[in-house]
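To start, the structure itself, in structure tokens.
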Amino acid sequence: MAEEVLLLGAWASPFTSRVELALKLKGVQYKYSDEDLNNKSPSLLQYNPIYKKVPVLVHNGKPIVESQVILEYIDETWQGYPLLPKDLYERAIARFWVKFIDDKCWPALQKVFIGEEKGREKAVEEAYEVLKFLEKELKEKRFFGGESIGMVDIAANIIGYWLGACEEATGVELLTREKFPKLSNWIDEFVSNSVIKENLPPRDKLVPFLRHRFGL
Amino acid sequence: MAEELKVFRTWSSPFALRVVWALQLKGVPFETIYEDLSNKSSLLLQYNPIYKKVPVLVHNGKPLAESLVILEYIEETWKQTPLLPQDPFERATARFWARFGDDKVLPSIWNVFIKQGKEQEEAMVTAQGSLKYLEEELRGKKFFSGEKIGLVDLAFGWIANLVDVFEEVKGVTLIDHENHPLLLAWKQNFMDAPIIKESWPSRDKLITKYHAMLEAYTAKEAAAK
């Protein structure tokens, strides 16, 4: 039976982008279907009845949801480019950081860019605390995954690309080279990577989209 | 070198219990270190500087935090008594449910317990919605993982030992025979399982603990108004 891989996503969603990055790194052929999140397709509602969100990966008719779960699935299903390291402890550490990015970074960034102006200073301080942990974790590595991109780098796409787009959309400066030299270098590496840069939503489309989204 | 495995826990933490049960199911020996969360040890703060919580697993000096991350590590390191299925799609499904438990079920049930008035009512609606999914997921199965206890059952273990404590202390009904017969059957099967039973936290102690917690929280909220 021919393999059928379908990705339901939204072009501006970093979570969708994670899955596309993983599939591209593995060299998996897939069909992409863009969802209008204000008018969700029957397919989306059928494949993800509990959360009704993107991304959804449908592999030979079977849906997988939640980007972290999808990334693990992709790594286990398709060989070739490894998203997680081989060493068991290093794998656990990678999973820890992926979780940290979603549990701590994402809400902290949302508070800065979407939150009210009066709470912004506090939100920025809290985001600094969170980003400092990631800055420290980079150590002298080129990527979180070492010499090449791994699952943590993919999950950190919200910092690698969306953070900068949010800064541009709102005029709020958060991640400066002065405060976060290692993360700034990592961001440079991230956006200049050949596979990644071809698969990011164009900046000149994303920034106005975010501005509109933030009600600016 | 002799293998060294330590688990930092409290007597009641449902997250730490997941780790304890996983190791016991796999027959892996470990040393237990009980933490007093009002007076955290310097070791705990050193091993888990980001969250400063239990559980922490320390394997040959290397620390790991976050219970679901620890469970995956345990599963990969000790392959006997597998807690996850082999098939990648089934593994993804198991991971989905474990996260659903922590992201949706637990917060809504917690809010039913700790909140009052409208917030409590809204939390109850959300909780019942989530519990319905769990009830459906159990159809045709003894455990969430099938015939034997697996990762999803361990992740939901708090439902088996905490929900009726919350119900008694707060005076609410979350899980009942009419709406959740399968969930109640699962709870009994889980509680009766030999390894699980041996590490079951004392119900009386849990009642006392959560009674005190609810009183303290309610007093704090009233003072803030």
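Computed values, structure above
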read-out	value
Relative contact order (%) - chain A, alpha-carbon pairs under 8 angstrom, separation at least six	21
Cα-Cα P(r), segment B:91-138, percent of pairs per 5 Å interval	5, 23, 27, 21, 13, 7, 3, 1
FRET efficiency, 1/(1 + (r/R0)^6) with R0 41 Å, evaluated for B:Trp200 and A:Ser148 via beta carbons	0.35
In Å, descending, principal axis extents of the Cα set of segment B:1-130	58, 43, 22
Kirkwood Rh, angstrom, segment B:162-212 [1 / mean 1/r, Cα pairs]	12.0
Pairwise centroid distance, computed over Cα atoms, of segment B:157-225 with segment B:113-132, Å	15
Reference-scaled alpha-carbon Rg (2.2 N^0.38 Å with N residues) for segment A:1-159	1.12
Cross-link reach list, aspartates and glutamates versus A:Lys31, counting only Cα pairs under 17 Å and skipping chain neighbours closer than eight places	A:Glu3, A:Glu4, A:Glu20, A:Glu198
Lysine pair count for segment A:88-138 [Cα-Cα under 23 Å; pairs on different chains or 8 or more apart]	12
Prolate/oblate/rounded call for the protein assembly as shown, Cα gyration tensor, a/c under 1.5 rounded	rounded
Long-range HN-HN contacts of A:Ser41 with modeled amide H, under 5 Å	A:Asp36
Alpha carbon centroid spacing (whole Å) that separates segment A:1-43 from segment A:167-216	21
Principal axis dimensions, segment A:96-216 - Cα atoms, whole angstrom, descending	40, 30, 26
Taking segment A:27-121 and dividing mean pair separation by its residue count, relative contact order in percent (alpha carbons under 8 Å, at least six apart)	12
Peptide B:84-90 - average C-beta neighbours from other chains (10 Å radius)	3
Length-normalised contact order for chain B - Cα pairs under 8 Å, 6+ apart - percent	18
Farthest positive-ward along the protein assembly as shown dipole, Cα basis, beta-carbon charges - from B:Trp78, A:Tyr128, A:Tyr30	A:Tyr128
Accessible heavy-atom area order of A:Val98, A:Val191, highest first, probe of 1.4 Å	A:Val191, A:Val98
Aspartates and glutamates whose Cα lies under 13 Å from that of A:Lys52, excluding same-chain neighbours fewer than 8 positions away	A:Glu35, A:Asp36, A:Glu66
Square roots of 5 times each gyration tensor eigenvalue, C-alpha, chain B, largest first, Å	28, 24, 15
Test item: B:69-76 mean partner chain Cβ contacts at 10 Å	4
Principal axis dimensions, largest first and in whole angstrom, of segment B:14-91 by Cα	43, 25, 23
Pairs of lysine residues in segment B:102-177 - Cα separation under 26 Å, sequence separation of 8 or more or cross-chain	15
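The values are calculated or read from the model by the stated rules, or taken from the named source; none is laboratory data. Since we're looking at a predicted model, the values are computed, not measured. Positions of Cβ are backbone-derived with ideal geometry, glycine not excepted, and every protein chain shown enters the neighbour counts. Ligands, DNA and RNA are excluded from the accessible area calculation, which covers all protein heavy atoms including side chains. Shrake-Rupley method; radii C 1.70, N 1.55, O 1.52, S 1.80 Å.
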